Amino acid sequence: MKNIFSRFVKDQSGATAIEYGMIVALISVAIIGAVTAIGGKLSTAFNTINTDL
């Protein structure tokens, strides 16, 4: 039983997948923030163009 537990503690195979998942989550948050910030300005620009036409 002790041998099984020590192998489980030393196993690092899932750590890489978790790290990649965290990186993807951070990139997603950055993209959502950028799109939200740019979305309002873009909407205003299109409304101005629409009014001018």
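The values are calculated or read from the model by the stated rules, or taken from the named source; none is laboratory data. All figures in this text were calculated on a predicted structure; none of them were measured in a lab. Remember, those area values only see protein heavy atoms, side chains included, never the ligands or the DNA or RNA. Shrake-Rupley method; radii C 1.70, N 1.55, O 1.52, S 1.80 Å.
Per-structure values
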{"item": "One residue from A30, A15 being among the small types (G, A, S), modelled with pLDDT of 80 or more and either part of a helix (DSSP H, G or I) or over 26 Å from the mean Cα position of the chain (by Cα) (or both)", "result": "A30"}
{"item": "Test: residue in segment 39-46 that is open to solvent by 90 Å² or more (accessible area, probe 1.4 Å) and modelled with pLDDT of 90 or more", "result": "yes"}
